[in-house]
1. Counting pairs on different chains as well as pairs 8 or more places apart, how many Lys pairs in the stretch 55-180 have Cα atoms under 22 Å apart?
2. For the stretch 56-100, run through the GluC sites (Glu not before Pro) and keep only the ones in DSSP coil with at most 11 other Cβ atoms within 10 Å of their Cβ.
Amino acid sequence: MSIARKLKNVTENRTSAAFGLALFFLSAMCASSSTAMEFPEKRQDWLVLKQHGLGSDEVITVLKSLPSQDVRANYSQLLSIAWGFESLPNGLPTDPEIARGRILYAAFDKILGQDGIYAMSRTGNGGRTIYYYVRNFSNHSSALKEYLDSLPPISIKISLHDEPKWNSVFDVLKNVERTK
């Protein structure tokens, strides 16, 4: 099966005003941690936001600010990779699932290389979605398909669509600003 047939546009509006009001700033992540190679969010300045919902939590990790207009124009496609996992009662991943997430992040980073910028993740309700802004995705689709096919059965959904203004990241940052 080709990666093109696996790509689906999966969208969920979690950037509404009501959602934005529920967000609050937890901490800024720094690049000095010894786990910098394990978590992409350790590479730059990041915001880690946590929403407490009815019976479940959601953690959003997002770039602290948008890159320059030139960078956004060059990385104009949003690649979303969502997977389900075994969760704790609050919807967040178990320790083994956190370890699996580290492996997936490293593989996706290696596959996309310099053609992808990791920009955000959402974790909660038994799933995680990571967002990369990419250029030249067609150069990497075969490698991504090969990697996904090599995994044991796992629930993964992939979507790719044009988003040259980085609206997904912009909307989260805008809501954070409003709640400060």
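1. Counting lysine pairs in the stretch 55-180 gives 7.
2. Of the GluC sites (Glu not before Pro), the ones in loops of the stretch 56-100 whose Cβ has at most 11 other Cβ atoms within 10 Å are Glu86.
All of the numbers you see were taken from the coordinates with simple rules; none came from a lab. The structure displayed is predicted, hence computed values, not measured ones. Cβ coordinates were reconstructed from backbone atoms using ideal geometry, including for glycine residues, and neighbour counts include every protein chain displayed.
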